[in-house]
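Throughout, read-outs are computed from the coordinates displayed, never taken from laboratory work. Only a predicted model underlies this, so the values are computations on that prediction, with no experimental measurement involved. Cβ placement follows ideal geometry from the backbone for every residue including glycine, while neighbour counts extend to all protein chains displayed.
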Amino acid sequence: MAQTIELFGKALANLLGGEVAGDAFAVDYLSDTIKILLTTSSYAPNLDTHETKADVTNEVSGTGYSAGGATLGTKTITYTAANSWATARANSTGYAFGDVVRPAAGNGHLYRCIVAGTSAGAPPSFPTTPQATVADGGVTWAEVGRGITQIDAADPSWPASTITARYAVVYKDTGTPSTSPLLCLIDFGADVATTNGTLLITLPAVGLWNNFMIAGA
């Protein structure tokens, strides 16, 4: 499925401990219970004003789906220095928006695809100035730093389900909707339906989110 991921406006503040000391909405991603719920297309996300599960409406219902969604498993937070990044830029290769590469001959910087396309038959001269861009065949790369911190989890799924969903919402579950802060929104781009099948969300290779990615394919 084609999908985009965006952080709710206050998610980063809550991941850093909240807007004030002792904030009740503070999130410890690795130790807290983090869940992902599904909604129908009738939910109207507002990334600026929606902050807790109580703001989310039109949760899906159906066979194989439990209210509140599924708990994310195998949560990880990982930092990788640029030259240790596994994905090296390759010649004549298709890249999608959000893909992250290092030059084949590492230069201590990472580059994110900001215009999708097919790379040239030879590597470009990668800039090392922060946020500088370079054309590479049909691809445009932007310098994004000397390393990446990835916040990730196992791909969530709902097997043997009969449901229709448009959005997925990741949140910290406190057991009380009004104190369960929202983290990110996954937009599938269109309704996704199952009939006694598995609805699987494949999270991006660069993580559910990372230190320089707000949205990703």
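Entry note, the chain: relative contact order of 29 percent, from Cα contacts under 8 Å with a spacing of 6+ residues. Taking every alpha-carbon pair under 8 Å whose residues sit at least 6 apart, the range 79-173 reaches a relative contact order of 26 percent.
Would you mind ranking Glu19, Glu6 by Cβ crowding within 10 Å, fewest neighbours first?
Working: Glu19 11, Glu6 17.
Fewest to most other Cβ atoms nearby, the residues stand as Glu19, Glu6.
Sorted from greatest to least, the principal axis extents spanned by the alpha carbons of the range 20-84 come out as 44, 33, 23 Å.
Using only the C-alpha atoms of the range 166-207, find the volume of their convex hull and express it per residue in Å³. Please report the intermediate quantities before stating the final value.
Details: hull volume 4.7 nm³, N = 42.
About 111 Å³ per residue, rounded to a whole number.
Charges on Cβ only, +1 for Lys and Arg, -1 for Asp and Glu, centred on the Cα centroid of the chain; of Ser178, Trp85, Trp158, which one is farthest towards the dipole's positive end? Going by the Cα projections, it comes out as Trp85. Under a model in which nothing but the beta-carbon of Lys, Arg (+1) and Asp, Glu (-1) is charged, the chain shows a dipole of about 460 debye around its Cα centre.
Normalised by 2.2 N^0.38 Å, where N is the number of residues, the C-alpha radius of gyration of the range 6-56 stands at 1.22.
Normalised radius of gyration for the chain, please: alpha carbon Rg relative to 2.2 N^0.38 Å, two decimal places.
Details: Rg = 18.7 Å, N = 217, 2.2 N^0.38 = 17.0 Å.
For the chain, the normalised Cα radius of gyration is 1.10.
When all alpha carbon pairs of the range 82-146 are counted in 10 Å bins from zero, the resulting P(r) reads 26, 62, 11 %.
Would you compute, from DSSP H runs of 4+ residues alone, the mean residue ellipticity of the chain at 222 nm, taking -39500 (n - 2.57) per run and dividing by the full residue count, rounded to the nearest 500?
Numbers: 1 runs with 5 residues, N = 217.
It lands at -500 deg cm²/dmol.
Counted over the chain, the DSSP beta bridges are approximately 100% antiparallel.
Give, in whole angstrom and from largest to smallest, the semi-axes √(5λ) of the equivalent ellipsoid of the range 12-124, with λ running over the eigenvalues of the Cα gyration tensor. The partial results should precede the final answer.
Numbers: eigenvalues 266, 87, 42 Å².
Taking √(5λ) for each eigenvalue gives 36, 21, 15 Å, largest first.
In the chain, taking the dipole from charged Cβ atoms about the Cα centre, the farthest positive-side position among Pro45, Gly9, Phe188 is held by Phe188.
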